[in-house]
1. Based only on Cα atoms, what Rg/Rh ratio does region 5-111 have, Rh being taken as Kirkwood's radius?
2. Points 7 angstrom from Cα along the Cβ direction at residue 27 and residue 121: gap in nanometres?
3. Would you please put 33-45, 88-100 in order of how densely packed they are, using the mean number of other Cβ atoms within 10 angstrom per residue and starting with the highest?
């Protein structure tokens, strides 16, 4: 699991307010992007590109980061969003960390997010990402919604 990247002052997080999961075919992503640097620059941050290109099999790492971006958008309840406002970095202990910037920070704040957990994995064929958003309290429940 990743380390917190959005944290509100005081206390621990305790309520899950969003979950996202994405499975990405490495071959499909590689076929769609190939060696198109402009596509990569529209999808991945400079730090993500540097990280992936430094790996023995860059396509695997691009696919994992692409899956993480999709899973983050799902967890935030969005069907699309600014790709460059989502960045995956490895912490000192190599755990993946998800960082949000720009409009996605506002979306996370609106949901009360105080911690983002990220898990990545891959085989030779697929990369998968799970994102869990935590808050101190759940979102407000309006009349007629939720448990009766």
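Only the coordinates and a few stated rules stand behind these numbers; no lab work does. On a predicted model such as this, the values are computed, not experimentally measured, just so you know. Heads up, the Cβs are rebuilt from the backbone with ideal geometry, glycines too, and the neighbour counts pull from every protein chain shown.
1. Numbers: Rg = 14.5 Å, Rh = 14.8 Å.
Over the Cα atoms of region 5-111, Rg/Rh equals 0.98.
2. The answer from the label model is 2.2 nm.
3. Numbers: 33-45: 13.9, 88-100: 15.7.
Top of the packing list down: 88-100, 33-45.
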